[in-house]
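A quick write-up on the structure given underneath.
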Amino acid sequence: MAKPRVKVPKSATAGEVVTIKTLIDHKMDSGQRKDKAGNLIPRKIINSFSASFNGEEVINVKLEPAISTNPYFQFSFKVPETGDLAFKWVDDDGTVTETKKTITVE
Amino acid sequence: MKLTRRNALALGGAAIAVTLVPVNATFAATDLTMADIAAFTGGAEVGEGGIELTTPEIAENGNTVPIAFSAPGAKRVLILADGNPSPGVATFSFSELAMAEGSTRIRLATTQDVIAVAEMADGTFTKVSKSVKVTIGGCGG
């Protein structure tokens with residue numbers, strides 16, 4: 001099971017631009033590789049990553065097989081108010097992995 | 001200048017040269033890459049520059065090549081790897097809360113160009129490309 005890791009600041013000032021780092025464990029089988037017997041390993045990747053703040057989408061990424069194993073994303077956004085930053089990864093097989101972090105505006 | 005047969009031919013030749021040169025000189029990409037760019041832009045004209053694309057000059061391991069981009073004012077950014085079996089890498093969409101920048105790690109099969117195409121808030125498109133030398137490819141096996 002994919003295990004996500006995210007780095008989000010606990011607090012910010014209103015309007016501050018913060019940098020977010022995310023990483024999720026996933027093999028990202030590209031569908032190009034072969035196993036030891038020479039059979040093609042079928043494609044199985046995370047095809048979508050998104051982050052939303054208090055329900056409003058911040059960033060959305062469509063992933064192709066050329067994204068490395070354990071997909072890593074860094075992005076930055078302007079914090080308008082105290083709220084939850086919710087992350088979502090979607091696997092080819094439909095599995096959804098989610099995690100959430102609260103940012104407090106002082 | 002009198003319009004003689006010779007002058008007319010010279011003018012025509014010059015006109016053809018002018019129309020051909022920019023297409024060939026600025027961008028030599030594979031058909032697959034061109035098709036992906038056309039799908040992203042809807043066939044609109046694509047300018048140059050306006051995006052800062054950071055890639056390593058030499059990537060020892062093609063399995064995980066760090067890339068970063070910053071395209072101030074962009075709504076969407078498409079990343080392509082021209083020399084991969086399939087050029088698509090990722091498409092980023094930014095809301096008004098987000099800065100139009102990001103970084104990730106990608107796979108490169110061989111030495112090639114990495115291309116970023118951005119759709120600006122006013123609906124125009126722009127692109128940049130960077131060459132990356134790859135020592136060990138990241139798609140084989």
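The values are calculated or read from the model by the stated rules, or taken from the named source; none is laboratory data. From a predicted model like this one, the values you see are computed outputs, not experimental measurements. With ideal geometry, Cβ positions are generated from the backbone for all residues, glycine too; neighbour counts draw on all protein chains shown.
For the reader, a short list of remarks on this structure follows.
- A count restricted to the range B:94-120 and to residues that are part of a loop (DSSP other than H, G, I, E, B) and touching a strand residue (DSSP E or B) at 6+ places or on another chain (Cβ under 6 Å) stands at 7.
- Subset of the range A:79-96 (residues that are outside any strand (DSSP E or B) and touching a residue at least 60 places away in the same chain (Cβ under 8 Å)): A:79, A:80, A:81, A:95
- Test: residue in the range A:82-94 that is in contact with a strand residue (DSSP E or B) (Cβ under 7 Å, 6 or more places away or on another chain), more than 21 Å from residue B:106 (Cβ to Cβ) and either of a type in the set (A, V, I, L, M) or crowded, with 18+ Cβ neighbours inside 10 Å (or both): yes
- Condition met for residue A:11 (of a type in the set (S, T, N, Q) and more than 7 Å from chain B (Cβ to nearest Cβ)): yes
- Residue identified as more than 10 Å from chain B (Cβ to nearest Cβ), within 12 Å of the chain's Cα centre (by Cα) and surrounded by fewer than 16 Cβ atoms within 10 Å (Cβ to Cβ) among A:106, A:98: A:98
- Count of residues meeting criterion [among the β-branched types (Val, Ile, Thr), without any contact (Cβ under 8 Å) to a residue 40 or more places away in the chain and within 13 Å of chain A (Cβ to nearest Cβ)] in the range B:89-140: 2
- Annotation note: of B:109, B:116, B:100, the sole residue that is over 12 Å from the mean Cα position of the chain (by Cα) and surrounded by 21 or more Cβ atoms within 10 Å (Cβ to Cβ) is B:100.
- Residue within the range B:49-68 that is at pLDDT 95 or above, closer than 30 Å to residue A:83 by Cα and part of a strand (DSSP E or B) present: yes
- Counted residues, the range A:39-70 - those being more than 7 Å from chain B (Cβ to nearest Cβ) and among the hydrophobic types (A, V, I, L, M, F, W, C): 6
- Residue that is surrounded by the fewest Cβ atoms within 10 Å (Cβ to Cβ) [pool: residues in the range A:39-54 that are farther than 20 Å from residue A:91 by Cβ and touching a residue at least 24 places away in the same chain (Cβ under 8 Å)]: A:54
- The residue that is surrounded by the fewest Cβ atoms within 10 Å (Cβ to Cβ), among those in the range B:53-71 that are of a type outside the set (S, T, N, Q) and within 17 Å of the chain's Cα centre (by Cα), is B:57.
- Residue match in the range B:78-88 (condition: at the interface with chain A (Cβ under 8 Å from one of its Cβ atoms), surrounded by fewer than 23 Cβ atoms within 10 Å (Cβ to Cβ) and not in a strand (DSSP E or B)): yes
- Subset of the range A:7-29 [farther than 22 Å from residue B:89 by Cα and touching a Leu at 6+ places or on another chain (Cβ under 8 Å)]: A:8
- Selection status of residue B:32, surrounded by 11 or more Cβ atoms within 10 Å (Cβ to Cβ), of a type in the set (A, V, I, L, M), at pLDDT 95 or above and not in a loop (DSSP other than H, G, I, E, B): no
- Condition check for residue A:65: under 30 Å from residue B:83 (Cα atoms) and in contact (Cβ under 8 Å) with a residue 24 or more places away in the chain: yes
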